[in-house]
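Novice: Sending over a structure as structure tokens; questions will come in a sec.
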Amino acid sequence: MTLLTTVIIAVVGLAAGGYGGFLYRKQIVEEKKKDLAAKAEKILADAKGKANEVVYEAKNEAFKLQDESKKDEQRRREQLTKVEERLAKKEQSLDDKSENVEKLKGELEDKVTSVKKLREEVESIHKMQEVQLEKVAAMSKEEAREVLLKKVEEDAKQDIVFTIKKAEDQLKKEADGRAKFIIAEAVQRYAAETASESTATIVNLPNDDLKGRIIGREGRNINTFEQITGIDVIVDDTPGSIVISGFDLVRRYIAKIALERLIEDGRIHPARIEETVEKVKDEVNVLIKELGEKAVIECGVAGFHPNLVKILGRLKFRVTHGQNALKHSMEVCFIAANLAEELGADVSVCKRAALLHDLGKAVDHEIPGHHAKIGADIASKFGLPKEVIQAIQSHHGDPEPESVEAQIVYAANQISNARPGANKDNLDSYIRRLAELENVCSGFDGVEKTFAVQAGTEVRIFVTPKEIDDLESVKLSHALARKIEYDLQHPGPVKVNVIRETRAEAFAE
């Protein structure tokens, strides 16, 4: 075979294969078209079925809504019918009431007309009676009224005076009873013991052998102790105790604490005594502030300046009418607060003024004047209210109290002073006399310290060695004796001791 024949045969074969493939693909396409047409018809049939179902359900839902709408309309019609019936009944009731009101109105108008007629008749009769009375009495209506009033006034005057006097007596009696009840109630609510003070303190000893050590060789220890503290130490045969005596409570307290510490320490000699006493003096200054703070807290008073509290604490070592001044002030504070509660006064003002009413006694030995005025000045400097200051100044009645709170503080102070066992004027007079004795001696130049001892029969004056020599000390003792003799009242001889002490110190390197 030739090449051409082969090519022709190949071309014919390719053409026959291509036509056969075309016929095969055409048959496959026709089959797919038939499947797609069948599926489309099926989908269309399903869609029509579902559409018919939806239409059916929509129709059913529409019928249900229509039925419910009809029922709602029926219910509303029934409700409107009921409302119309109720309105009709109310309208009928209002019509009935309106008719009754009209009837009552007519009856009232008839009664008013009747009353007017009766009033006119009464006025006419009254005028006729007045005319007849004026003719009979031969006086006018005004004259008759004046005569009648005078007669009634004269008849009632005595009864009125008697009634007023009776009412005043009754009120006075009730007021006295009420006042006694309030005071008794206030005092009863503060049932505290009487805070009295004396001029001697007992110091207990572990054994009597310590008495000799306290006295020291040739009385050196006891003399040093008395000179430094200004307190008398009485060592007698009383077992297990010694007595320290002095009118100044601060000195006596310092002496007591110092002596107790010396006894506890066991080292009793002049240098140790001086060191212990100075240490106790510093501690007492702290104690005074603590005592003031404690008093303020117990009385329920706040807002005081710390320096004012410290001055208040100094009252612990002062005496008023035989009572401890701080305890007395606290007692007056409690009584005043109770009285204020009963009377409806300002409790805060009463508490503050009552607690501070004797504040001046803490410094009256340093500042001249009455303690009430001094206390008021101190309160004013620390910015306390005017009501408190006035109550402090008038707690003895001079000047007169200007407020209810000031009257209450005055009354509470009187109650505290008048309590059984509280008032010991003799002790106050004795302490005042000794204080005056010390003040007179302290007024001379060169005097460093002054102590009145032995119940005022002896005064010890410590002078500055650099300013006063031995000769001047002798002259000073005579001058002091003459000053005491002429200016002060004293029950007997007063011994004047002027003490001049020179110390020499050196250090060995």
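Novice: E400: modelled with pLDDT of 85 or more, assigned to a loop (DSSP other than H, G, I, E, B) and within 22 Å of A337 (Cα to Cα), yes or no? Step through it out loud before you land on a result.
Specialist: On the way: modelled with pLDDT of 85 or more: yes; assigned to a loop (DSSP other than H, G, I, E, B): yes; within 22 Å of A337 (Cα to Cα): yes.
Yes; evaluated as a whole, the condition is true for this residue.
Novice: Output the number of residues of segment 297-314 satisfying the condition of being in contact (Cβ under 8 Å) with a residue 12 or more places away in the chain and either touching a strand residue (DSSP E or B) at 6+ places or on another chain (Cβ under 8 Å) or outside any helix (DSSP H, G or I) (or both). Working first, answer last.
Specialist: Of segment 297-314, the ones in contact (Cβ under 8 Å) with a residue 12 or more places away in the chain are 298-301, 304-314.
Going one step further and asking which of them are either touching a strand residue (DSSP E or B) at 6+ places or on another chain (Cβ under 8 Å) or outside any helix (DSSP H, G or I) (or both), we end up with 300-301, 304-305.
Within segment 297-314, residues that are in contact (Cβ under 8 Å) with a residue 12 or more places away in the chain and either touching a strand residue (DSSP E or B) at 6+ places or on another chain (Cβ under 8 Å) or outside any helix (DSSP H, G or I) (or both) number 4.
Novice: Moving to a separate point now. Given the conditions (1) out of contact with any Ser or Thr (no Cβ under 8 Å at 6 or more places or on another chain); (2) assigned to a loop (DSSP other than H, G, I, E, B), which single one is not true for H357?
Specialist: (1)
Novice: OK, next. Does H357 satisfy the criteria of being in the same structural domain as L315 (by TED's automatic domain parsing), out of contact with any His (no Cβ under 6 Å at 6 or more places or on another chain) and closer than 20 Å to P399 by Cα?
Specialist: Numbers: in the same structural domain as L315 (by TED's automatic domain parsing): yes; out of contact with any His (no Cβ under 6 Å at 6 or more places or on another chain): no; closer than 20 Å to P399 by Cα: yes.
The answer is no for H357.
Novice: Take segment 223-242 and flag every residue that is touching a helix residue (DSSP H, G or I) at 6+ places or on another chain (Cβ under 8 Å) and either surrounded by fewer than 19 Cβ atoms within 10 Å (Cβ to Cβ) or within 12 Å of L210 (Cβ to Cβ) (or both).
Specialist: Going residue by residue through segment 223-242, those that are touching a helix residue (DSSP H, G or I) at 6+ places or on another chain (Cβ under 8 Å) are 224-225, 228-233, 235, 242.
The answer is V235, I242.
Novice: Restricting to segment 247-266, and then to whatever is on the phi < 0 side of the Ramachandran plot and not in a helix (DSSP H, G or I), can you tell me which residue is modelled with the highest pLDDT? Walk me through it before giving the result.
Specialist: In the first step, residues of segment 247-266 are kept if they are on the phi < 0 side of the Ramachandran plot; the result is 247-265.
Keeping just the survivors that are not in a helix (DSSP H, G or I) gives 247-248.
Values: F247: 68, D248: 72.
The residue in question is D248.
Every residue, every condition in (1) modelled with pLDDT under 75; (2) in a helix (DSSP H, G or I); (3) surrounded by 10 or more Cβ atoms within 10 Å (Cβ to Cβ); (4) out of contact with any helix residue (DSSP H, G or I) (no Cβ under 6 Å at 6 or more places or on another chain), yes or no:
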site	(1), (2), (3), (4)
L4	yes, yes, no, yes
I9	no, yes, yes, yes
Y19	yes, yes, yes, yes
L44	no, yes, yes, yes
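Novice: Can you give me the number of residues within segment 229-238 that are modelled with pLDDT of 80 or more and of a type outside the set (A, V, I, L, M, F, W, C)?
Specialist: 3
Novice: Specify the residue that is nearest to the chain's Cα centre (by Cα); the eligible residues are those in segment 473-486 that are closer than 10 Å to V498 by Cα and not β-branched (V, I, T). If you could, list the steps in order and put the result at the bottom.
Specialist: Here is the first cut: in segment 473-486, the residues closer than 10 Å to V498 by Cα are 473-478, 480.
Next, from what is left, pick out any that are not β-branched (V, I, T): 473, 475-478, 480.
Working: S473: 57, K475: 59, L476: 56, S477: 56, H478: 58, L480: 52 Å.
Checked segment 473-486; the qualifying residue nearest to the chain's Cα centre (by Cα) is L480.
Novice: For the subset of segment 273-311 comprising residues that are of a type in the set (A, V, I, L, M) and within 17 Å of the chain's Cα centre (by Cα), which member is modelled with the lowest pLDDT?
Specialist: Quick first cut of segment 273-311, residues of a type in the set (A, V, I, L, M) only: 273, 277, 280, 284, 286-288, 291, 295-297, 301-302, 308-309, 311.
Okay, now just the ones that are also within 17 Å of the chain's Cα centre (by Cα), so 295-297, 301-302.
Working: A295: 88, V296: 88, I297: 89, V301: 88, A302: 82.
So the residue we want is A302.
Novice: Where the second residue is aromatic (F, W, Y) and the first is over 18 Å from R251 (Cα atoms) and lies in segment 433-452, which pairs have Cβ atoms under 8 Å and are six or more apart or on separate chains?
Specialist: V447/F462
Novice: Something else: With respect to S329, is the statement that it is in contact with a helix residue (DSSP H, G or I) (Cβ under 8 Å, 6 or more places away or on another chain), of a type in the set (S, T, Y) and within 25 Å of P401 (Cβ to Cβ) true?
Specialist: Working: in contact with a helix residue (DSSP H, G or I) (Cβ under 8 Å, 6 or more places away or on another chain): yes; of a type in the set (S, T, Y): yes; within 25 Å of P401 (Cβ to Cβ): yes.
Spelling it out, S329 is indeed in contact with a helix residue (DSSP H, G or I) (Cβ under 8 Å, 6 or more places away or on another chain), of a type in the set (S, T, Y) and within 25 Å of P401 (Cβ to Cβ).
Novice: Next question, about the same structure. Check off (1) modelled with pLDDT of 80 or more; (2) surrounded by 11 or more Cβ atoms within 10 Å (Cβ to Cβ); (3) not basic (K, R) for I183 and give me the number that stays unchecked.
Specialist: (1)
Novice: Within segment 316-333, count every residue that is in contact with a His (Cβ under 8 Å, 6 or more places away or on another chain) and surrounded by 20 or more Cβ atoms within 10 Å (Cβ to Cβ). Walk me through it before giving the result.
Specialist: Our first condition is that a residue be in contact with a His (Cβ under 8 Å, 6 or more places away or on another chain); within segment 316-333, this holds for 320-321, 328-329, 332.
Imposing the further condition that a residue be surrounded by 20 or more Cβ atoms within 10 Å (Cβ to Cβ) reduces the set to 320, 328-329, 332.
Final tally of qualifying residues: 4.
Novice: Which of the residues belonging to segment 374-392 are under 22 Å from the mean Cα position of the chain (by Cα), surrounded by fewer than 17 Cβ atoms within 10 Å (Cβ to Cβ) and among the charged types (D, E, K, R)?
Specialist: K386
Novice: Criterion first (at pLDDT 85 or above, touching a Phe, Trp or Tyr at 6+ places or on another chain (Cβ under 6 Å) and assigned by TED's automatic domain parsing to the domain that holds V388) does H269 satisfy it? So that I can check it myself, show each step before the final result.
Specialist: Numbers: at pLDDT 85 or above: yes; touching a Phe, Trp or Tyr at 6+ places or on another chain (Cβ under 6 Å): no; assigned by TED's automatic domain parsing to the domain that holds V388: yes.
When the stated conditions are applied, H269 does not pass them.
Novice: Sticking with this structure for a sec: List the pairs whose first member sits in segment 257-286 and is free of Cβ contacts under 8 Å to residues at least 12 places away in the same chain, whose second member is surrounded by fewer than 14 Cβ atoms within 10 Å (Cβ to Cβ) and acidic (D, E), and whose Cβ atoms are under 8 Å apart, counting only residues at least 6 apart or on separate chains?
Specialist: From residues that are free of Cβ contacts under 8 Å to residues at least 12 places away in the same chain, the pairs are R272/D265.
The values are calculated or read from the model by the stated rules, or taken from the named source; none is laboratory data. What you are looking at is a predicted structure, and each value in this text was computed from that prediction instead of being measured. Using ideal geometry, Cβ is built from the backbone for each residue, glycine included, and neighbour counts are taken over all protein chains shown.
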